[in-house]
1. State all residues of the range B:1-58 that are among the small types (G, A, S) and over 21 Å from B:T297 (Cβ atoms); if no residue qualifies, say none.
2. Is it true that B:A251 is more than 21 Å from B:Y120 (Cα to Cα) and among the aliphatic types (A, V, I, L, M)?
3. Find all pairs meeting these conditions: Cβ atoms under 8 angstrom apart; at least six residues apart or on different chains; first residue within the range B:344-360 and without any contact (Cβ under 8 Å) to a residue 12 or more places away in the chain; second residue part of a helix (DSSP H, G or I).
4. Need a quick list: helices (runs of 4 or more DSSP H) entirely within the range A:57-170 having at least 1 residues that are farther than 30 Å from A:S15 by Cβ, aliphatic (A, V, I, L, M) and open to solvent by 20 Å² or more (accessible area, probe 1.4 Å).
5. Please go through the range B:178-205 and give me each residue that is within 21 Å of the chain's Cα centre (by Cα), farther than 23 Å from B:M105 by Cα and surrounded by 15 or more Cβ atoms within 10 Å (Cβ to Cβ), ordered by number.
6. Within the range A:171-201, take every residue that is free of Cβ contacts under 8 Å to residues at least 12 places away in the same chain and open to solvent by 60 Å² or more (accessible area, probe 1.4 Å) and give me the one that is nearest to the other protein chains (Cβ to nearest Cβ).
7. Can you pull out every residue in the range A:31-53 that is more than 19 Å from A:T154 (Cα to Cα) and either open to solvent by less than 20 Å² (accessible area, probe 1.4 Å) or away from chain B (no Cβ under 14 Å) (or both)?
8. Kindly check whether there is at least one residue in the range A:20-30 that is out of contact with any Phe, Trp or Tyr (no Cβ under 9 Å at 6 or more places or on another chain) and within 14 Å of chain B (Cβ to nearest Cβ).
Amino acid sequence: MEILALVKRVPATDSKIKVAGDGKSIDPQGIEFVLNPYDEFAVEQALKTKEALGGTVTVLTVGGPESQKELRTCLAMGADKAVLMKHEGPELDAHALATVLAAKIEELHPDLVFCGRQAVDTDDAQVGQRLAALLGWSCLSDAGTFELSDGSWTGTRDIEGGKESVKGSLPAVITCNKGLNEPRYPNLKGIMMAKKKPLEECEVQGAENKETLVALTPPPARPEPAILGEGPEAVAVLMDKLKNEAKVL
Amino acid sequence: MSRFKGVDFYAVDGLLDDEERMVRDSVREFVDEEFMPVVVEHHRAGTFPAELIPKMGELGFLGAGLRGYGCAGLNSVAYGLILQELERGDSGLRSFVSVQGALCMYPIHAYGSEAQKEKYLPAMARGECIGCFGLTEPDYGSNPGGMVTRAVEDGDSYVLNGVKMWITNGSVADLAVVWAKLGDEIRGFLVEKGTPGYSTKDVENKFSLRVSVTSELIFEDCRIPKENLLPGVSGLKGPLSCLTQARYGIAWGGIGAAMAVYEEALSYAGNRIQFSRPIAGYQLVQEKLVWMLNEITKAQLLAWRLGRLKDEGGMDFSQVSLAKRNNVWMALECARKARDILGANGITDEYHAGRHMCNLESVYTYEGTHDIHTLILGHKITGIPAYD
């Protein structure tokens, strides 16, 4: 079984994000970049599938040379090889990204593609589904469970307040949700072996954005907390605020 | 849950390679997710989190610096970073891994027969066989050469008699590496748990290293097969070479404990308001925080350089003494200052500084006391030993 996991380098979720001088990108200074947390579920599921059925796991990302670090992390977790599709400059939109990925996937022809349900930087949650549409493959989005048997898959899609049970054929694109599995830590032997595993680089070609990022606006600063009073006198003021300002009573 | 970010004022990260950083981050995440949620309950109960041993084996923490036999084969800096991250959690957790790797697996790897290596090392790397190291005796601590534990040859066996004291992992160990005098010569012996004549008794009611088992090992006509002698070494240099390995790791461990208490004190000082402002805004508190940062930064550079020297083959045991002496001392001072900054809160286990402070009192004393390392260095630079 040929398995592909799509991953992305993103800022750690506890980073303090600052908008850069151009107003359209984030200032990377002092930010720790990590493997997108949802992609960890994708890599774990790819590795579990390989462990159960044999085959190879390839991890692929589109990004700058610094994304090698996240690919090496995946190799240390146990992936067999990595592909870096080099792209610098403005980030590709979901359409352009799905298009270049689809072209590369036609070349790699895996049986299964796993990706995170979304990247935690742009929160677009579109690439997996668009990719399946472009390839004409089945797609389980927001996978909460996933199983393979006899050349087809069954799984559940996490929906608001419940689950949908779905089955489908291979090849397929699976977008992985939290809870699908418990991602492993890279073990130390895996880390030592990672540098000996192949990491292929190629250029992204012919990508064309249909959307343009105009501006990034940080959320408004939180208002300073106010002390409304002390002791019993504060109760009346607090009640008034809860009723008339916060409107929660 | 907040992630531990470490302290890196001098961009020491830039001195590490990708693998070293990845090892560090992997252990850091393990400590955050698996150990920190349980440390306080184990500390209160005085128990070691044995449930983490298989996972530590699987991740490759045990004997990580050794090559072959299922060990990860890391370089010395990566190995040191593991111990740094573990001790950021607790000195007891780091002690477990130090004893397993540096004090038990190392002598088998360096001085054991091929059969001994095959039998024990892979199981020890997986955490299925736990080791302990019996050198110190009730009356022989800083002077291990005076030991009174004896081995006597008798047919196909050696018969051991004596008592070892302050032995980390003692009662939980499946295998004890025991140093005893055979005639006039110190030799290493492998004693398996359950051997008749071998018993253990735990040290109870400790103030320090509560997340670690400390025991007394008792040998009464304990008969072991002759093939359990470590063939490759005789004399005090056997156990001392193990201690050099362990002290190397402790020099890194101290940095971890110091970073933990520094981060806690810095965060507390920023939030705790007295009079008109956070206490971080007062000169006396700033002086303490800066002292810690200053010492942590120096300790990081010492440890990093020591690691590179170790891999290049140019490390002298006296350089290890300097790093152990400095880094554990500064960690203990950091913990005391952090406890001070935390005020009354610092005496409860809601904060980590008090636990680290008590632990570091042990680390200051074991593996060569602070004063003994001073004398090792004094001997080195003057050529005159201050001990007999």
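1. Within the range B:1-58, B:S2, B:S26, B:A45, B:G46, B:A50, B:G57 qualify.
2. Yes: the conditions hold for B:A251.
3. As it stands, the answer is B:G346/B:A338; B:G346/B:R339; B:G346/B:D340; B:G346/B:A353; B:G346/B:G354; B:I347/B:R339; B:I347/B:G354; B:T348/B:G354, since those pairs meet every condition given.
4. A:94-108, A:127-135
5. B:V203
6. A:K189
7. A:L35, A:N36, A:Y38, A:D39
8. yes
The values are calculated or read from the model by the stated rules, or taken from the named source; none is laboratory data. Bear in mind the structure is a predicted one, so any value in this text is a computation, not a measurement. Positions of Cβ are backbone-derived with ideal geometry, glycine not excepted, and every protein chain shown enters the neighbour counts. Surface areas here come from the heavy atoms of the whole protein model, side chains and all, with no ligands, DNA or RNA. Shrake-Rupley method; radii C 1.70, N 1.55, O 1.52, S 1.80 Å.
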